[in-house]
């Protein structure tokens with residue numbers, strides 16, 4: 001299982017993308033990648049104009065999210081997530097340091113559920129069987145020998161995200177303890193990959209991981225990235241603290257220290273931010289994250 005997880009981390013998280021510390025978001029038009037609810041921008045005559053997925057938001061425009069909305073905006077691979085109804089200004093959205101860094105490409109070099117989008121034309125027998133059972137309204141008695149987590153991760157490694165999602169859903173229903181929580185986590189990852197960021201966020205935020213959960217590092221990095229993108233820095237700090245308090249040495253540790261530094265900086269804690277950047281550099285100065293952390297320390 002440990003070898004399987006390591007292979008998944010290498011395969012699912014994709015190829016390492018070059019460090020992106022280039023122009024800030026304010027220099028690039030924001031594009032609407034995902035929208036649930038209503039999103040409008042204020043025109044010169046103060047009238048509100050409806051926006052849709054794929055639209056570019058005019059520079060320096062005020063935008064309004066309503067209808068219990070959820071929007072994912074991008075400038076290249078940089079992401080900003082709006083999770084609450086209200087009026088926003090493009091300049092404000094692009095004003096903090098975290099948004100001048102391409103988090104999804106930088107962190108996504110190890111956790112590419114943050115940057116991948118799957119080919120949803122793929123399907124599997126597992127997904128089809130699950131739908132048929134659902135169509136008939138039947139309760140399927142599960143085989144005790146089924147390893148939902150490992151089998152689901154095997155399908156993920158093959159790019160079969162629809163089939164993996166069905167197995168993780170069943171695991172979340174039939175398993176208990178850490179296995180159940182990890183099935184939920186992987187289900188949330190798959191929803192993100194399949195282009196369902198709101199469902200992914202709802203699934204991921206429903207999990208209350210324990211310090212002993214083997215997926216805690218990965219979960220903390222993914223959730224902190226999503227929270228930073230939606231400017232919920234206190235929540236990012238909270239989930240990272242649970243993990244970092246264990247003094248981790250695994251693959252997620254460097255990303256976690258880096259994200260914690262960004263979150264602290266956005267909240268005005270400059271000394272804490274620099275301390276955590278230094279810890280990220282010390283873990284490995286030669287990785288893309290280590291190089292980025294060193295540049296931010298200058």
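The values are calculated or read from the model by the stated rules, or taken from the named source; none is laboratory data. These figures come from a predicted structure and were not determined experimentally. Cβ placement follows ideal geometry from the backbone for every residue including glycine, while neighbour counts extend to all protein chains displayed.
Exactly one condition in (1) out of contact with any helix residue (DSSP H, G or I) (no Cβ under 6 Å at 6 or more places or on another chain); (2) more than 20 Å from residue 165 (Cβ to Cβ); (3) crowded, with 22+ Cβ neighbours inside 10 Å is not met by residue 208; state its number.
Failed condition: (3).
Cβ contacts < 6 Å: first residue on the phi > 0 side of the Ramachandran plot and outside the structural domain of residue 194 (by TED's automatic domain parsing), restricted to the range 31-44; second residue in a strand (DSSP E or B) and surrounded by fewer than 16 Cβ atoms within 10 Å (Cβ to Cβ), any location; separation 6+ or different chain. Result?
37/67; 37/68
Would you kindly identify the helices (runs of 4 or more DSSP H) lying entirely within the range 179-251 that contain at least 3 residues that are free of Cβ contacts under 8 Å to residues at least 24 places away in the same chain?
Helices (runs of 4 or more DSSP H) meeting the threshold: 197-205, 233-244.
Taking the criterion of being surrounded by 20 or more Cβ atoms within 10 Å (Cβ to Cβ), under 12 Å from residue 217 (Cβ atoms) and within 20 Å of the chain's Cα centre (by Cα), would at least one residue in the range 259-272 satisfy it?
Within the range 259-272, one or more residues are surrounded by 20 or more Cβ atoms within 10 Å (Cβ to Cβ), under 12 Å from residue 217 (Cβ atoms) and within 20 Å of the chain's Cα centre (by Cα).
Exactly one condition in (1) part of a strand (DSSP E or B); (2) at pLDDT below 70 is not met by residue 14; state its number.
With respect to (1) part of a strand (DSSP E or B); (2) at pLDDT below 70, residue 14 is out only on (1).
Confirm whether residue 293 is touching a helix residue (DSSP H, G or I) at 6+ places or on another chain (Cβ under 7 Å), crowded, with 21+ Cβ neighbours inside 10 Å and more than 20 Å from residue 235 (Cα to Cα). Walk me through it before giving the result.
On the way: touching a helix residue (DSSP H, G or I) at 6+ places or on another chain (Cβ under 7 Å): yes; crowded, with 21+ Cβ neighbours inside 10 Å: yes; more than 20 Å from residue 235 (Cα to Cα): yes.
Taking the combined requirement at face value, the residue satisfies it.
Quick check on residue 78: is it more than 20 Å from residue 201 (Cβ to Cβ), surrounded by 15 or more Cβ atoms within 10 Å (Cβ to Cβ) and either under 19 Å from the mean Cα position of the chain (by Cα) or modelled with pLDDT of 95 or more (or both)?
no
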